[in-house]
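**Q** So that we are looking at the same thing, I have put the structure below in structure tokens.
The values are calculated or read from the model by the stated rules, or taken from the named source; none is laboratory data. Keep in mind that what you see is a predicted model, and the values were worked out from it rather than measured. All Cβ positions, even for glycine, are placed from backbone atoms using ideal geometry, and neighbour counts span all protein chains on display.
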Amino acid sequence: MRAAIVHYWLLGMRGGERVVEALCRLLPEADIFTLFYRPDRVSPLIRSRRVTASFLDPLRNHHRWLLPLMPVALEHFDLRGYDLIVSSESGPAKGVVAPSAARHVCYCHTPMRYLWDLYPAYLHEFTRSSWKRALLAPLSSYLRLWDYASAARVDEFVANSRHVERRIWKTYRRESRVIYPPVAVETFYHKPAEDYYLIVAGLVAYKRIDIAVRLFTQTGRRLRVVGDGPEYGALRGLAGKSVEFRGRLPEEELREAYARCRALLIPGEEDFGLAAVEALASGKPVIALGRGGVLESAAGGGLFYDQPEGLGAAIDRFERMESQFRPEELQASVRRFSEPRFAAEMREVLSLPR
């Protein structure tokens, strides 16, 4: 059986790319197809595979502007001869044209947020430029039609959380099976807390990191922000001396940051909440907006609040009860997200031998 893994883009190592790694271990001979590829930013395991990037790849530094061309680029991939296609989707990856005899399974991190759930926020709040908003409306209408139609090309959907399972039904009217993404929970460890809170996220508008940056600037509490993205400049402009931006960190330094923080903050709605699992695996609590997939990923150690503006009150509440959290209990709560569990469940979906 010849297998192909299709991932929206390989420009760093975040949750979606960890799923690709796990799929590579499940399908050791699989080739990878992606819209954009930066070999220096992905793991040796992914680099060891035959990776085919789209004709848009020379423009990868401007990939966020190329969304209208992505359907054409995906449909340009030649997948003849493959028996199994596994797409890893939170962009338009499922839109490839698979051979009629091939089986196409889509592991969906979420339907495209900026076209569906978060479209009003992108149109009226996150997009500051008036001319960008004027372009966004007609382009989004065209892309929604294509995205909905391309869902019919998928034989079976797998959702990364029950929250995303509901989104898939709402968006595409397709049933899906929930398989939580893999996390190497055994590689994280606990150390006594230092006096700082932590955010680990892509710096994009819907993560609502601006709420935390403003709060910590006002209160003088220490905050470390790990990650990069298009909101970096705007967030730096909001930040005071108590807020530190660390950019992308090597895995060893990231584990140390988790191990020594007081708690992880998640101010925006998450599809699953991979960082929440990593923090709990480090024996550290999670203070999160009580919406989306984090209600599943941090169920064993989350302190949730209802409205985005409630972050400050949630931190005050956490500091009154901080001593009540037991690191060993937090770590035990996320063992169910291990990679062996993911591999066993995906083997069943993909009909692979054990």
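**Q** If Leu11 meets every condition in (1) surrounded by fewer than 21 Cβ atoms within 10 Å (Cβ to Cβ); (2) within 16 Å of Val96 (Cα to Cα) apart from one, which number is that one?
**A** Going through the list (1) surrounded by fewer than 21 Cβ atoms within 10 Å (Cβ to Cβ); (2) within 16 Å of Val96 (Cα to Cα), Leu11 breaks only (2).
**Q** For segment 290-328, enumerate the residues that are in contact with an Asp or Glu (Cβ under 6 Å, 6 or more places away or on another chain) and among the hydrophobic types (A, V, I, L, M, F, W, C).
**A** The one that is in contact with an Asp or Glu (Cβ under 6 Å, 6 or more places away or on another chain) and among the hydrophobic types (A, V, I, L, M, F, W, C): Val294.
**Q** Across segment 314-347, which residue is surrounded by the most Cβ atoms within 10 Å (Cβ to Cβ) among those that are free of Cβ contacts under 8 Å to residues at least 40 places away in the same chain and within 22 Å of the chain's Cα centre (by Cα)?
**A** By that ranking, first place goes to Ala344.
**Q** Against the conditions (1) more than 20 Å from the chain's Cα centre (by Cα); (2) buried (at least 18 other Cβ atoms within 10 Å of the Cβ), where does Glu89 fall short? Just the number, please.
**A** (1)
**Q** Can you run down the residue pairs with Cβ atoms below 9 Å, 6 or more apart or on separate chains, where the first is in segment 251-277 and under 15 Å from Met13 (Cβ atoms) and the partner is among the acidic types (Asp, Glu)?
**A** The qualifying pairs are Leu254/Glu278; Arg255/Glu278.
**Q** Where in segment 20-120 are there strands (runs of 3 or more DSSP E), lying wholly inside it, with at least 2 residues that are more than 30 Å from Glu339 (Cα to Cα)?
**A** So the answer is none; nothing clears 2.
**Q** Here is a follow-up. If I filter segment 63-117 down to residues being over 24 Å from Gly268 (Cβ atoms) and among the polar types (S, T, N, Q), which single residue comes out as modelled with the lowest pLDDT?
**A** Ser100
**Q** Those residues that are touching a helix residue (DSSP H, G or I) at 6+ places or on another chain (Cβ under 7 Å) and among the hydroxyl-bearing types (Ser, Thr, Tyr), I need them from segment 207-234; list them, please.
**A** Passing the criteria: only Thr217.
**Q** Follow-up question, since we're still on this one. Any idea which of (1) within 20 Å of Phe342 (Cβ to Cβ); (2) at pLDDT 95 or above is the one Ile266 doesn't satisfy?
**A** Checking Ile266 against (1) within 20 Å of Phe342 (Cβ to Cβ); (2) at pLDDT 95 or above, the one that fails is (1).
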